[in-house]
1. Out of the range 76-85, which residues are surrounded by 18 or more Cβ atoms within 10 Å (Cβ to Cβ) and in a strand (DSSP E or B)?
2. Out of curiosity, is Y32 touching a residue at least 40 places away in the same chain (Cβ under 8 Å), touching an Asp or Glu at 6+ places or on another chain (Cβ under 7 Å) and either part of a strand (DSSP E or B) or at negative phi (or both)?
3. Residue pairs, Cβ under 8 Å, 6 or more apart or interchain, first in the range 79-98 and in contact (Cβ under 8 Å) with a residue 40 or more places away in the chain, second surrounded by 17 or more Cβ atoms within 10 Å (Cβ to Cβ) and charged (D, E, K, R). List them.
4. How do the pairs read when you match residues in the range 1-25 that are more than 19 Å from N41 (Cβ to Cβ) with residues anywhere that are open to solvent by less than 100 Å² (accessible area, probe 1.4 Å) and of a type in the set (S, T, Y), using Cβ under 6 Å and keeping only pairs 6 or more apart or on different chains?
5. Looking at G68, G61 in this structure, which one is assigned to a strand (DSSP E or B), in contact with a strand residue (DSSP E or B) (Cβ under 9 Å, 6 or more places away or on another chain) and modelled with pLDDT of 95 or more?
Amino acid sequence: RTAKESMDKSGYITFGPYISLSSGKYKFNINYMSPESNTTNIGTWDVVVDLPKGIKQLKNGPLIGTNGRDAHVINTFTMPKEYNEKEVEIRNFYNGTGSLTIKSLTITQGE
């Protein structure tokens, strides 16, 4: 998914995979690209659990320009026992600056 300043408003450009995870440690990899400089903030990512009364954010961070090269956000999160088997999504938010392409997302168990 690609968002461009000339065509798209700020907002979440990808979210999911809405997968039920058991409690424990997980690692994720967001592969993305942006022609903006590596000093430009182009958005954010976060890991959230979907709960009946809303979402609970487990972790978040910035998406920075990549000078047109592929880049990766590789990070970990812990699924707490109280959220065992709840659905998780990793959301990528585009802030409306320049362009941002999300190429892939993987989640693996363990660190």
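The values are calculated or read from the model by the stated rules, or taken from the named source; none is laboratory data. Please read all numbers here as calculations on a predicted model, not as lab measurements. Cβ sites come from the backbone with ideal geometry, for glycine too, and all protein chains shown count toward neighbours. Accessible surface is based on the protein model in full, side chains and every heavy atom, while ligands, DNA and RNA are left aside. Shrake-Rupley method; radii C 1.70, N 1.55, O 1.52, S 1.80 Å.
1. Selection gives F77, M79.
2. Values: touching a residue at least 40 places away in the same chain (Cβ under 8 Å): yes; touching an Asp or Glu at 6+ places or on another chain (Cβ under 7 Å): no; either part of a strand (DSSP E or B) or at negative phi (or both): yes.
No; evaluated as a whole, the condition is false for this residue.
3. M79/K86; I90/D46; R91/D46; F93/D46; T97/E36; G98/E36
4. Close Cβ pairs (under 6 Å, with a partner that is open to solvent by less than 100 Å² (accessible area, probe 1.4 Å) and of a type in the set (S, T, Y)) amount to K25/T78.
5. Being assigned to a strand (DSSP E or B), in contact with a strand residue (DSSP E or B) (Cβ under 9 Å, 6 or more places away or on another chain) and modelled with pLDDT of 95 or more holds for just one of G68, G61, which is G61.
Table: residues versus (1) among the aromatic types (F, W, Y); (2) open to solvent by less than 50 Å² (accessible area, probe 1.4 Å); (3) more than 17 Å from R1 (Cα to Cα).
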| residue | (1), (2), (3) |
| --- | --- |
| T44 | no, no, no |
| P52 | no, no, yes |
| L63 | no, yes, no |
| I74 | no, no, yes |
| E87 | no, no, yes |
